[in-house]
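I have placed the structure first, in the form of structure tokens, so that the comments after it can refer back to it.
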Amino acid sequence: MALLIGKQSTELLQAQAHVWNHIFNYVNSMSLKCATQLGIPDIIHKHGKPMTVQELVDALHINSAKAQAVYRLMRILTHLGFFVEEKVSEDDSKMGYWLTQASRLLLKDDAASSLPFIKIFLDPLLIKPWHHMSEWFENNDSSAFETAHGRTFWDYGSQEPKLNHLFNEAMACDAQLVSNVVTRDCKQVFEKLKSIVDVGGGTGSLAKAIVDSFPDLQCVVFDLPHVIAGLEGTKNLTYIGGNVFETIPRADALLLKNILHDWSDEDGVKILKKCKEAIPCKENGGKVIIIDMVVGNKKEDHEGIETQLFYDMCMMVFATGRERTEKEWAKLFFDAGFTGYKIVYELGLRSIIEVYP
């Protein structure tokens, strides 16, 4: 029987565990990256039922001496909720690893796969700026990314095909997941519109889903020329290259998904003023539709708020933007000359906000 130690010692040891957990937090993401690089979620999915460690080792075609390492990798990922242990079959008491909803988002052929997010955010290119964050606090660079790489994120992406590809791929996969929800459960946002511009719409994943659901809606994907280079539209989908700080194509409504969080308040106001110039008055149906985070809107969800704060730090390290509270969003809208707004839907970590001129 173990003896109890004093309360003060217990609190000290718990504090040490708390510190260690946060020091080693990167172990979670790097273990996840390893599992996806090995293709473990796809191997289990293809197998069609729970797989034992030995079955996984055989399917991975790895060094047989690493079997124990596979078990240890799966143990932590199971602890994190990416896999569950279940009986291999009703007639077999052996336990194997099976997919959860989270690991299903890691399948390569899933249209809503989160694999592109893993590829870009855990790439050494985006890991490096975190090592320069304290240095950034002491200099005049716009971001730690600029401190690490000598260029802003946007300049780097426009000149380096690898980053441009990884970024567009990640945004496309996220847009695919969001579009599944938006076009199924949030249709009223787009009803009565005749035209819409997806500002910063990337390769058009979200726009394509919208026009498929609303075939009479004319949609323009508006993004930087190097982003849309070589992309071809359809009868109701057009690609236009340009700069959001200069002019935006006119339409009944503008859609900005994960755009304003990339920018400072000053630049956000500039973008919104350009948006206001491109839409009709509220009485004629003009509006800006924003899909972005509202920090603190999930007060009961500790993990959700933590993810929002993670993303806010990413915006600080990679760009000049931030994730905003509702009060901060409201100030941005009114500073840009808009008269009102309404949060119409919550999309997990994000919300849909309608902003009216």
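Readers should treat all values here as calculations from the given coordinates under stated rules, not as data from a laboratory. Quick caveat: nothing in here was measured; it's all calculated off a predicted structure. So basically every Cβ, Gly included, is an ideal-geometry build from the backbone, and we count neighbours across all protein chains shown.
Taking a quarter of the surface of the Cα convex hull of the chain gives a mean projected area of 24.0 nm².
When only alpha carbons are used to place a centre, segment 168-241 and segment 19-75 end up 36 Å from one another. The value of relative contact order for segment 238-345, using C-alpha pairs under 8 Å at least six residues apart, is 30 percent. The length gained by stretching the chain between Gln101 and Met313 to full extension, at 0.36 nm per residue less their Cα-Cα distance, is 73.7 nm.
Rounded to the nearest 0.05, what FRET efficiency do Gln54 and Glu283 have when you use their Cβ-Cβ distance and R0 = 56 Å? Efficiency, rounded to the nearest 0.05: 0.25. Once you sort the root eigenvalues of the Cα gyration tensor of segment 164-224 as a ≥ b ≥ c, which label holds: rounded (a/c under 1.5), prolate (a/b larger than b/c) or oblate (the other case)? Note, shape of segment 164-224 comes out oblate. In deg cm²/dmol, rounded to 500, what helix-only [θ] at 222 nm does the chain give when every DSSP H run of at least 4 residues adds -39500 (n - 2.57) and the total is split over its residues? Result for the chain, helices only: -14000 deg cm²/dmol. Computed over the chain, relative contact order equals 11 percent, with contacts defined as Cα pairs under 8 Å that lie 6+ residues apart. Based on Cα contacts under 8 Å between residues 6+ apart, segment 145-276 shows a relative contact order of 21 percent. Across segment 193-199, computed HN-Hα scalar couplings (Karplus, 6.51 cos²θ - 1.76 cosθ + 1.60, θ = phi - 60°) run 7, 9, 8, 8, 10, 8, 7 Hz from first to last residue, x flagging Gly and Pro.
Each DSSP beta bridge with both residues in the chain is either parallel or antiparallel, and the antiparallel ones are about 50%.
Tell me which GluC sites (Glu not before Pro) from segment 67-117 have a DSSP coil assignment and no more than 13 other beta carbons within 10 Å of their own.
On the way: sites: Glu85, Glu86, Glu90; in loops: Glu90.
In loop regions of segment 67-117 (DSSP not H, G, I, E or B), the sparsely surrounded GluC sites (Glu not before Pro) are Glu90.
For segment 212-311, applying the loop criterion from DSSP together with a ceiling of 13 other beta carbons within 10 Å to the GluC sites (Glu not before Pro) yields Glu232, Glu246, Glu300. Taking 0.890 mPa s as the viscosity and 25 °C as the temperature, the Stokes-Einstein diffusion coefficient of segment 134-195 based on its alpha-carbon Kirkwood radius rounds to 167 µm²/s. Note on the chain: with a GNM built from Cα contacts shorter than 10 Å, the maximum mean-square fluctuation among Ala229, Ala319, Ala112 falls on Ala229. If you fit an axis through the alpha-carbon atoms of helix 326-335 and take the longest principal axis of the Cα set of the chain, what angle between them do you get, 0 to 90°, nearest 10? Once rounded, one gets 20 degrees.
Mind sorting Ser195, Ser142 by how few other Cβ atoms lie within 10 Å of their own Cβ, fewest first? Walk me through the intermediate numbers first.
Numbers: Ser195 16, Ser142 13.
Result, fewest neighbours first: Ser142, Ser195.
The loop-placed chymotrypsin sites (Phe, Trp or Tyr not before Pro) in segment 14-114, going by DSSP, that have at most 16 neighbouring Cβ atoms within 10 Å of their Cβ come out as Phe24. Summarising the label geometry, the points placed 7 Å from Cα in the beta-carbon direction at Lys342 and Gln68 lie 6.3 nm from one another. Remark: segment 59-75, residue by residue, has Karplus-estimated 3J(HN,Hα) of 6, 7, 6, 9, 4, 4, 5, 9, 4, 5, 5, 4, 4, 5, 5, 5, 5 Hz, where x stands for each Gly or Pro and the curve is 6.51 cos²θ - 1.76 cosθ + 1.60 at θ = phi - 60°. A straight Cα-to-Cα reach below 28 Å connects Lys162 with the lysines Lys33, Lys108, Lys119, Lys128, Lys208, Lys257, residues fewer than 8 places away in its own chain not being considered. Taking trypsin sites (Lys or Arg not before Pro) in DSSP loop states with no more than 15 other Cβ atoms inside 10 Å as exposed sites, the chain has its longest site-free stretch at 1-107.
Hey, if you drop one equal point scatterer on each alpha-carbon of segment 198-278 and run the Debye formula without solvent, what base-10 log of I(q)/I(0) do you get at q = 0.12, 0.24 Å⁻¹? Those come out to -0.32, -1.20, one per q. When only the Cβ of Lys, Arg, Asp and Glu is charged (+1, +1, -1, -1), the dipole of segment 285-357 relative to its Cα centre reaches about 280 debye.
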